[in-house]
Amino acid sequence: MRTFFPSESGKEPQLSAHNPQSWLQVERGKLSKLPSNSSSSSIESLIKVPEPPILPFYKPIDYVEVLAQIHEELELCPPQGQSNLYLLQFQVFRGLGEVKLMRRSLRAAWQKASSIHEKLIFGAWLKYEKQGEEHISDLLASCDKCAQEFGPVDILTQLPIDATVSSTNENISMNGNEISRNVSFKIQDERVDCDRQKISSLSAPFHAMLNGCFSESFREDIDLSENNISASGMRTINEFSITGSLNEVPTHLLLEILAFANKFCCEKLKDACDRKLASLVSTREDAVELMEYALEENCPVLAASCLQVFLNNLPDCLNDNRVVDIFRHADRQQRSIMVGQASFSLYCLLSEVCMNLDPQSDKTACFLERLVEFSENDRQRMLAFHQLGCLRLLRKEYDEAKSLFEEALNAGHIYSVAGLARLSYIKGHKLWSYEKLSSVIGAVTPLGWMYQERSLYCEGDKRWEDLEKASELDPTLTYPYMYRAATLMRKQNVQAALAEINRVLGFKLALECLELRFCFYLALEDYKSAICDVQAILTLSPNYRMFEGRVAASQLRTLVREHVENWTTADCWLQLYDRWSSVDDIGSLSVIYQMLESDAAKGVLYFRQSLLLLRLNCPEAAMQSLQLARQHASSDHEKLVYEGWILYDTGHCDEGLQKAEESIKIKRSFEAFFLKAYALADSSQDQSSSSTVVSLLEDALKCPSDRLRKGQALNNLGSVYVDCAKLDLAADCYINALKIRHTRAHQGLARVHFLRNDKPAAYEEMTKLIEKARNNASAYEKRSEYCDRELTKTDLEMVTRLDPLRVYPYRYRAAVLMDSHKEAEAIAELSRAIAFKADLHLLHLRAAFHEHVGDVMGALRDCRAALSVDPNHQEMLELHSRVNSHEP
């Protein structure tokens with residue numbers, strides 16, 4: 001986000017996949033060397049690729065149709081049903097790996113919560129998903145802004161006092177005799193004098209006892225010794241009957257009064273106790289102790305306060321067996337008190353957290369069993385049955401798993417057939433598994449996972465063909481690349497094996513793929529390349545373990561490093577400069593990892609690391625690096641810059657700008673001016689701001705910095721000049737950036753050539769970038785704009801080979817087909833990408849194509865799905881309105 005070349009890869013990297021290898025022997029601190037004439041059998045023992053896991057996700061056959069249905073239901077359903085629909089939308093996006101969209105759905109569920117319980121659950125879920133981002137609330141507070149989802153909910157105001165509870169205050173005469181106004185309650189050896197009418201007004205039973213036909217109505221002394229109330233408690237009740245409030249009352253006395261109020265149906269008194277106790281809940285210990293009373297005495301406010309404490313302490317509170325037991329053993333009535341009508345949402349959250357802690361634990365099993373129990377419709381049931389089936393499969397409880405996968409399949413979850421096939425294979429029925437997958441492939445529009453799963457049940461060419469088809473239909477699946485690469489390596493076809501694993505690493509930084517390539521390099525004794533990959537792995541996941549979790553990656557790095565020449569600090573800077581200039585982002589990450597071990601300024605290095613991670617589409621890891629940069633900042637003005645980037649990268653542009661200005665007041669620095677220029681350019685659409693941005697970038701260039709960052713500033717300055725039609729000044733900036741090896745400036749200079757009507761020069765400039773850049777899919781895409789249609793087609797085919805997640809090539813090819821009146825082929829081209837990528841632009845274009853050919857329902861479906869991806873997209877809203885008016 002801090003360059004003008006953001007990654008457009010749409011998927012989050014899989015940072016916690018199963019580890020594939022189990023071959024390395026680490027003994028006595030030595031790394032075994034392979035003989036140079038390694039046989040294929042020895043390589044076979046080195047490289048293992050595990051079967052792909054059955055994912056515990058909701059994966060509908062046609063996610064577009066499901067999103068469209070959810071959107072339609074959201075338009076029609078009452079407010080109390082909206083949160084559950086957004087939860088389902090969250091599950092769809094989770095199955096697609098779309099983290100940003102998942103969070104947006106959760107936030108919508110939180111915003112649309114119709115009860116305090118839903119507010120607590122979805123607020124806690126958002127907080128859980130954003131673990132490690134709590135510091136953003138502090139930063140926003142320093143800018144006089146608050147992040148509501150991280151703050152506690154004021155339960156007392158969210159659950160108002162029941163105004164329907166009536167009081168009875170009138171005096172009653174019995175047989176013409178006025179009842180005495182006072183009454184004295186005897187409790188053991190003490191007497192508590194009370195106002196008869198005030199006490200009678202507390203409840204109907206008291207009113208009947210003191211003013212009705214009972215003998216107590218004529219007595220001035222009544223014995224309450226056998227009613228579990230102390231004299232102190234009764235005095236407090238009397239005071240409440242007069243004032244209507246409970247002041248400073250100790251907890252044990254409140255609990256005593258609560259039970260008494262319940263016994264005598266004193267609703268206002270009970271509500272007051274409920275609220276007073278709720279205000280006292282602050283720790284987990286409080287919540288554990290008081291939740292028992294809340295459930296026993298039917299206190300919804302207290303129960304909600306205790307629930308909030310538990311949920312705000314996820315995942316830690318689920319390591320407390322007392323908390324787990326409360327959730328595990330609550331019966332129907334207790335659940336109603338604790339969580340109202342939101343049982344499914346609660347146990348969906350609890351099972352999610354437990355699966356992340358330990359997907360095979362008894363706690364996870366218990367919560368998933370409850371999730372099945374509380375499912376109210378087929379969509380909820382298919383998710384719950386499938387997730388519980390995945391757990392039973394992991395625990396090798398095969399009969400139970402089979403039954404659960406069958407239930408999920410019967411409810412409509414076709415993906416659960418993968419679980420049934422795996423179980424059949426485990427039991428030795430390989431042919432059944434193959435035929436079952438074949439029948440599914442023949443019955444529905446096939447998806448990549450179907451061919452991937454079927455490949456496990458065949459051999460040789462058939463397996464290879466299925467995996468090729470799987471990659472064609474869904475290039476985000478990593479297993480096919482890994483299997484093909486490992487197979488080629490076993491055949492000692494080294495270059496082809498590396499090329500295959502590099503294919504996926506070129507657009508998806510998956511740790512399991514980096515690990516496999518690391519193993520290849522070890523087998524080849526290419527330790528320089530091996531240490532590069534293991535250091536990249538450790539950057540992304542410092543606690544990563546390799547070889548089926550048996551060996552820490554950090555330990556392997558220590559061993560490999562013995563075989564690699566040590567670099568001085570100067571060597572590291574030269575290496576970083578070379579790799580950054582050649583757009584080798586993984587190599588640059590590795591160098592920075594090594595530099596962080598030295599005495600160099602760590603704040604600057606962590607900041608550079610965050611830049612690379614953003615380019616590699618690893619936003620969560622990038623945010624962690626920014627936090628580390630902030631922690632290791634060497635000065636206040638440097639710290640303010642990193643805080644500004646943290647705020648900017650989390651969507652708080654104005655607050656990021658404020659931090660930049662604060663930093664500049666302390667000291668004029670390159671990074672502070674750069675941040676201010678970047679944030680201002682993004683926040684202001686006014687052309688008049690361009691001169692300010694130019695001035696800021698010029699100020700940045702006057703400040704000390706290294707050539708890597710100055711090249712970026714020159715590149716950004718060139719872009720501003722282009723937007724202002726100052727092409728000569730822009731060209732000067734790009735040329736100066738290229739002189740200090742800022743390779744991406746070729747793209748800006750190509751744009752200048754194009755605007756000067758010199759397309760051949762623009763094409764040539766982009767060719768230079770392609771030749772220099774290691775990651776060059778974006779360069780091919782940009783070059784396609786500067787050539788004729790045939791060369792454009794060739795370049796865009798290359799883009800799709802290098803990075804199949806980039807959507808522009810699909811859109812371009814579809815548009816060309818549409819211009820050629822090949823409507824069906826144009827729609828098929830878009831559908832090819834939509835199958836694995838929920839992209840607004842793809843859905844928008846396909847909706848327009850459907851409208852053009854008169855397929856109103858198809859257009860409406862795509863409009864609704866697109867608005868699920870971005871509910872506020874203006875052009876999409878207009879198209880939806882137009883198409884909706886034509887719906888039959």
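³J(HN,Hα) across the range 707-713 via Karplus (A = 6.51, B = -1.76, C = 1.60, θ = phi - 60°), whole Hz, x for Gly/Pro?
So the Karplus estimates, Gly and Pro as x, are 5, 4, 6, 5, x, 5, 5 Hz.
Applying a 10 Å radius around every beta-carbon, put 822-829, 138-145, 463-470, 480-487 in order of their mean neighbour count, most first.
480-487, 463-470, 822-829, 138-145
Using every alpha carbon pair in the chain, what percent of pairs falls into each 10 Å bin from 0 up to the bin containing the largest distance?
Spelled out bin by bin, the chain gives 2, 10, 17, 21, 19, 13, 7, 5, 3, 2, 0, 0 percent.
Kindly report the accessible area of the range 63-131 per residue (heavy atoms of protein chains, probe 1.4 Å, no ligands, DNA or RNA), in Å².
Computed with neighbouring chains in place, this is 34 Å² per residue.
How about the range 505-568: which trypsin sites (Lys or Arg not before Pro) there lie in a loop by DSSP and see at most 16 other Cβ atoms within 10 Å? Write out the running numbers ahead of the final one.
Working: sites: 508, 517, 528, 545, 550, 557, 561; in loops: 508, 550.
Qualifying residues, ordered by number: 550.
Using 0.36 nm times the number of residues separating residue 872 and residue 568, minus their current alpha carbon distance, what extension gain do you get?
Length gained between residue 872 and residue 568: 104.2 nm.
With r defined as the distance between the Cβ atoms of residue 882 and residue 426 and R0 fixed at 41 Å, what FRET efficiency is calculated, to the nearest 0.05?
0.20
Please report, as a whole percent, how much of the solvent-accessible surface of the range 579-645 comes from carbon and sulfur atoms (probe radius 1.4 Å).
The value for the range 579-645 is 44 percent carbon and sulfur by accessible area.
Order the peptides 190-196, 762-768 from the highest to the lowest mean number of other Cβ atoms within 10 Å of their residues.
Listed from highest to lowest mean packing, they are 762-768, 190-196.
Which shape class, rounded, prolate or oblate, goes with the range 182-278 when its Cα gyration tensor gives a ≥ b ≥ c as root eigenvalues, a/c under 1.5 marks rounded, and past that a/b bigger than b/c marks prolate?
prolate
Going by a ≥ b ≥ c, the root eigenvalues of the Cα gyration tensor, does the range 63-131 fall in the rounded group (a/c under 1.5), the prolate group (a/b larger than b/c) or the oblate group?
Here the range 63-131 falls in the oblate category.
Hey, can you rank 406-419, 700-713, 427-440 by average C-beta count inside 10 Å, highest first?
In descending order of packing, they fall as 406-419, 700-713, 427-440.
Beyond a 21 Å Cα-Cα separation, which of these cross-linked pairs lie in this structure: 710/772; 667/710; 145/639; 602/665; 100/130?
602/665
Could you compute the net charge surrounding residue 813? Neighbours are other residues with a C-beta less than 10 Å from the C-beta of residue 813; K and R count +1, D and E count -1. The partial results should precede the final answer.
Values: positive: 793, 811, 832; negative: 797, 825, 829.
In short, 0.
Under a 1.4 Å probe, what is the accessible area of the range 649-788 per residue, stated in Å²?
That works out to 45 Å² for each residue.
Would you mind checking the tilt of helix 251-263 against the longest principal axis of the Cα atoms of the chain, expressed as 0 to 90 degrees and rounded to 10?
Roughly 70 degrees, rounded to the nearest 10.
Could you give the nm distance between label points at residue 226 and residue 322, where each point is 7 Å from its Cα heading toward the beta carbon?
3.5 nm
Using amide H atoms built in the peptide plane, which far-off residues or other-chain residues are under 5 Å from residue 545 H to H?
Those qualifying (amide H under 5 Å, at least 5 residues apart or on another chain) are 553.
Using only the Cα atoms of the range 525-614, build the gyration tensor, take square roots of its eigenvalues as a ≥ b ≥ c, and label the shape rounded, prolate or oblate: rounded if a/c is under 1.5, else prolate if a/b is larger than b/c, else oblate.
Prolate.
I need the calculated FRET efficiency for the pair residue 298 and residue 252, taking r as the beta carbon distance and R₀ as 22 Å, to the nearest 0.05.
0.70
Taking the Cα atoms only, what angle lies between the long axis of helix 527-540 and the longest principal axis of the chain, rounded to 10 degrees?
30 degrees
Using a 1.4 Å probe, what is the accessible area per residue for the range 182-278, in Å²?
Computed with neighbouring chains in place, this is 45 Å² per residue.
Can you give me the distance in nm between label points at residue 828 and residue 726, each placed 7 Å from the Cα along the Cα-to-Cβ direction?
Computed distance between label sites residue 828 and residue 726 equals 5.2 nm.
Which ³J(HN,Hα) values in Hz, rounded to whole numbers, follow from the phi angles of the range 597-602 under the Karplus curve 6.51 cos²θ - 1.76 cosθ + 1.60, where θ = phi - 60° and Gly and Pro get x?
7, 8, 8, 5, 5, 6
Counting only helical runs of four or more DSSP H residues, what would the 222 nm mean residue ellipticity of the chain come to if each run contributes -39,500 (n - 2.57) and the total is spread over all its residues?
One gets -20500 deg cm²/dmol as the mean residue ellipticity at 222 nm.
Which distance in nm do the two modelled labels at residue 285 and residue 852 give, with both placed 7 Å along the Cα-to-Cβ direction?
It works out to 7.0 nm between the two label points.
Count charges around residue 658 for me, please; just the other residues with Cβ under 10 Å from its Cβ, Lys/Arg as +1, Asp/Glu as -1.
-3
The values are calculated or read from the model by the stated rules, or taken from the named source; none is laboratory data. Bear in mind the structure is a predicted one, so any value in this text is a computation, not a measurement. Here the Cβ is made from the backbone with ideal geometry for all residues, glycine too, and neighbour counts use every protein chain on show. In case anyone asks, the SASA skips ligands and DNA or RNA and just uses the protein heavy atoms, side chains included. Shrake-Rupley method; radii C 1.70, N 1.55, O 1.52, S 1.80 Å.
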